[in-house]
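The values are calculated or read from the model by the stated rules, or taken from the named source; none is laboratory data. Quick caveat: nothing in here was measured; it's all calculated off a predicted structure. Note that we place each Cβ from the backbone using ideal geometry, even for glycine, and neighbour counts take in every protein chain shown.
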Amino acid sequence: MATDNNLPQTSQPLVDQNGNLTYPWVNFLANLLGSTGVGGDVQSIALGIVSPFTFKATQAGKLVVELGGGTAAVALSRDGGSTFYTLPGQIFPMRNQDLAQISFTAGATATFWPD
């Protein structure tokens, strides 16, 4: 059996009979990723009152935009803001330094989920 910060013993199987990672490996990988700064807390984004609002990702993750009752659009840029592409949907994969321009009239909310 592994401790929280140690590599599981070589006798411990990586996966169980159903193909799922075993607990010691899940625990080890979760601690490893947590200690490297990958992921992080979900960030609620204050859109303010002026539309459009531009959000800049500081790491890879997913931007979730709930449009509320007003008309809204989301456009993404991967070139520092020179070109924005309007995309359909509510969940947008983002890379570090991507920009999202959120246009809204009322009731829109946004949340960033780091990878």
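List of remarks:
- The set of residues in the range 81-96 that are touching a strand residue (DSSP E or B) at 6+ places or on another chain (Cβ under 7 Å), more than 12 Å from Val65 (Cβ to Cβ) and assigned to a loop (DSSP other than H, G, I, E, B) comprises Gly81, Thr83, Phe84.
- Taken as a whole, the structure leaves Gly39 outside the set of residues that are at pLDDT below 85 and loosely packed, with under 13 Cβ neighbours inside 10 Å.
- The lone exception for Thr22 - which of (1) at pLDDT 90 or above; (2) hydroxyl-bearing (Ser, Thr, Tyr); (3) surrounded by 12 or more Cβ atoms within 10 Å (Cβ to Cβ) it fails: (1)
- Of the residues making up the range 41-62, those that are in a loop (DSSP other than H, G, I, E, B), small (Gly, Ala, Ser) and in contact (Cβ under 8 Å) with a residue 40 or more places away in the chain are Ser51, Ala57, Ala60.
- Screening the range 44-56 for residues that are surrounded by 15 or more Cβ atoms within 10 Å (Cβ to Cβ) and of a type outside the set (A, V, I, L, M, F, W, C) and picking the one that is nearest to Ile102 (Cα to Cα) gives Pro52.
- Screening Gln101, Gln97, Gln59 for residues that are out of contact with any helix residue (DSSP H, G or I) (no Cβ under 9 Å at 6 or more places or on another chain), exposed (fewer than 15 other Cβ atoms within 10 Å of the Cβ), polar (S, T, N, Q) and at pLDDT 90 or above leaves exactly one candidate, Gln97.
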